[in-house]
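Asks: Sharing a structure below in structure tokens format, with a few things to ask.
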Amino acid sequence: MDFIGAYSTGNLLFLLKGLMTTLLVAFIAIVFSFIVGSILGILRYAKIPIISKIVAVCVETIRNLPLLLIIFFTFFALPEVGIKLSAMMAAIIALIIFESAMLSEIVRSGLNSIEKGQIEAARSSGLTYVQTMQHIILPQALRRMVPPIVSQFISLLKDTSLAVVISLPELLHNAQIVNGKNVNYVIPTFILIAVLYFLVNYSLSLLARKLETKERRNRKSTGKLVAQHQATDQSM
């Protein structure tokens, strides 16, 4: 093992460049998969005739496919029909497709967790369905969805390493190039990229735990307030 040679300035900069590519791909995929996943989740929750069923079939199909297969499809299959993508674009699109399906289920579950009584109360007060979703259901559901969504983003960040199969210059790909220079670099290099992945993902996991703890406190506070109002109403 040659730690000094593996951790030379040139190699470290090359690995950090790969990490930046990993974070960039993950960030773009996170933003767009959240948007698409939220739309799909809302469509399934709304139970719109035909549309909701079509969305459900698409989501369930994608969720039961391996991400690696979707990456292969976007990079190798799409050019056969005239759509040629760079390795980065193919990886981003594949991640968006896969993660949107996963996030749609989180969104749908979050919306279903809101008590039906709140919807009925909002509608009886004169709010339309869209207004009820916008002002009553979505704000509450989003707070409950934050921890699992962050956990899904952590998985997305780790899944970017699968793009090594299409030679995306991300962290794992660059690590393999460094290892190719000298067999003694293998263990030091993989130790370093393991630490880098750990630091990024652990930071996100701490954020998820903090948000989950905050959400539990909010639920307890809300429950106490509801109990107090009910007790007050009964006493009157």
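Asks: If you check every pair at least six apart or on different chains, which have Cβ atoms under 9 Å apart with a residue in segment 127-139 that is surrounded by fewer than 18 Cβ atoms within 10 Å (Cβ to Cβ) first and a residue that is in a helix (DSSP H, G or I) and modelled with pLDDT of 85 or more second?
Replies: TYR129/ALA46
Asks: Here's another thing I want to ask about it. Six or more apart or on different chains, Cβ atoms under 6 Å: show the pairs whose first residue is in segment 175-195 and at negative phi and in a helix (DSSP H, G or I) and whose second is surrounded by fewer than 19 Cβ atoms within 10 Å (Cβ to Cβ) and among the β-branched types (Val, Ile, Thr).
Replies: From residues that are at negative phi and in a helix (DSSP H, G or I), the pairs are ASN179/VAL186.
Asks: With respect to ILE114, is the statement that it is surrounded by fewer than 14 Cβ atoms within 10 Å (Cβ to Cβ) and free of Cβ contacts under 8 Å to residues at least 60 places away in the same chain true?
Replies: Details: surrounded by fewer than 14 Cβ atoms within 10 Å (Cβ to Cβ): no; free of Cβ contacts under 8 Å to residues at least 60 places away in the same chain: yes.
When the stated conditions are applied, ILE114 does not pass them.
Asks: Between PRO169, PRO148, which is at pLDDT 85 or above, part of a helix (DSSP H, G or I) and under 25 Å from ALA26 (Cβ atoms)? Write out each step before concluding.
Replies: Working: PRO169 fails: part of a helix (DSSP H, G or I).
None of the others qualify; the one that does is PRO148.
Asks: Criterion first (of a type in the set (Val, Ile, Thr) and outside any helix (DSSP H, G or I)) does ILE114 satisfy it? Outline the logic, then answer.
Replies: Values: of a type in the set (Val, Ile, Thr): yes; outside any helix (DSSP H, G or I): yes.
Yes.
Asks: Can you tell me which residues in segment 1-11 are touching a residue at least 24 places away in the same chain (Cβ under 8 Å) and hydrophobic (A, V, I, L, M, F, W, C)?
Replies: The initial filter retains those residues of segment 1-11 that are touching a residue at least 24 places away in the same chain (Cβ under 8 Å), namely 1-3, 5-7, 11.
Correct list: MET1, PHE3, ALA6.
Asks: Tell me, please, whether a residue that is closer than 26 Å to MET133 by Cα, under 17 Å from the mean Cα position of the chain (by Cα) and of a type outside the set (A, V, I, L, M, F, W, C) can be found in segment 76-99.
Replies: yes
Asks: Then there is this: Suppose we filter VAL55, VAL59, VAL107 for residues that are over 29 Å from GLU170 (Cβ atoms) and either touching a residue at least 40 places away in the same chain (Cβ under 8 Å) or of a type outside the set (S, T, N, Q) (or both); which single one remains? Can you show your working first?
Replies: Details: VAL59 fails: over 29 Å from GLU170 (Cβ atoms); VAL107 fails: over 29 Å from GLU170 (Cβ atoms).
Result: VAL55 is the single residue among VAL55, VAL59, VAL107 that is over 29 Å from GLU170 (Cβ atoms) and either touching a residue at least 40 places away in the same chain (Cβ under 8 Å) or of a type outside the set (S, T, N, Q) (or both).
Asks: Against the conditions (1) farther than 14 Å from GLY37 by Cβ; (2) buried (at least 19 other Cβ atoms within 10 Å of the Cβ); (3) under 22 Å from the mean Cα position of the chain (by Cα), where does VAL178 fall short? Just the number, please.
Replies: Every condition holds for VAL178 apart from (3).
Asks: When you go through TYR202, TYR197, TYR129 one by one, which is the residue that is at pLDDT below 80 and out of contact with any Asp or Glu (no Cβ under 7 Å at 6 or more places or on another chain)?
Replies: Working: TYR202 fails: at pLDDT below 80; TYR197 fails: at pLDDT below 80.
Unique residue meeting the criteria: TYR129.
Asks: May I ask you to say which residue of ALA91, ALA6, ALA101, ALA77 is among the small types (Gly, Ala, Ser) and touching a Pro at 6+ places or on another chain (Cβ under 6 Å)? Steps first, please.
Replies: Values: ALA91 fails: touching a Pro at 6+ places or on another chain (Cβ under 6 Å); ALA101 fails: touching a Pro at 6+ places or on another chain (Cβ under 6 Å); ALA77 fails: touching a Pro at 6+ places or on another chain (Cβ under 6 Å).
Only one candidate passes the filter, namely ALA6.
Asks: To continue, here is another question. What tally of residues in segment 39-65 results from selecting those that are over 26 Å from GLN131 (Cβ atoms), part of a helix (DSSP H, G or I) and under 19 Å from the mean Cα position of the chain (by Cα)?
Replies: 6
Asks: So in segment 181-219, with the set limited to residues that are closer than 16 Å to SER8 by Cα and of a type outside the set (Val, Ile, Thr), which one is surrounded by the most Cβ atoms within 10 Å (Cβ to Cβ)? Steps first, answer last, please.
Replies: As a first pass, look at segment 181-219 and keep what is closer than 16 Å to SER8 by Cα: 181-193.
Retained after the next criterion (residues that are of a type outside the set (Val, Ile, Thr)): 181-182, 184-185, 188, 190, 192.
Numbers: LYS181: 14, ASN182: 14, ASN184: 14, TYR185: 22, PRO188: 19, PHE190: 16, LEU192: 20.
Only one residue tops the list, namely TYR185.
Asks: Please tell me if VAL36 is surrounded by fewer than 21 Cβ atoms within 10 Å (Cβ to Cβ) and in a helix (DSSP H, G or I). Walk me through it before giving the result.
Replies: Working: surrounded by fewer than 21 Cβ atoms within 10 Å (Cβ to Cβ): yes; in a helix (DSSP H, G or I): yes.
Taking the combined requirement at face value, the residue satisfies it.
Asks: A further question follows. So, ILE30, is that one out of contact with any Ser or Thr (no Cβ under 9 Å at 6 or more places or on another chain), surrounded by 12 or more Cβ atoms within 10 Å (Cβ to Cβ), modelled with pLDDT of 95 or more and closer than 16 Å to THR160 by Cα or not?
Replies: Details: out of contact with any Ser or Thr (no Cβ under 9 Å at 6 or more places or on another chain): yes; surrounded by 12 or more Cβ atoms within 10 Å (Cβ to Cβ): yes; modelled with pLDDT of 95 or more: no; closer than 16 Å to THR160 by Cα: yes.
The answer is no for ILE30.
The values are calculated or read from the model by the stated rules, or taken from the named source; none is laboratory data. Note that the structure is predicted; figures quoted are calculated from it, not measured. Glycine gets a Cβ as well: all are built from the backbone with ideal geometry, and neighbour counts include every protein chain shown.
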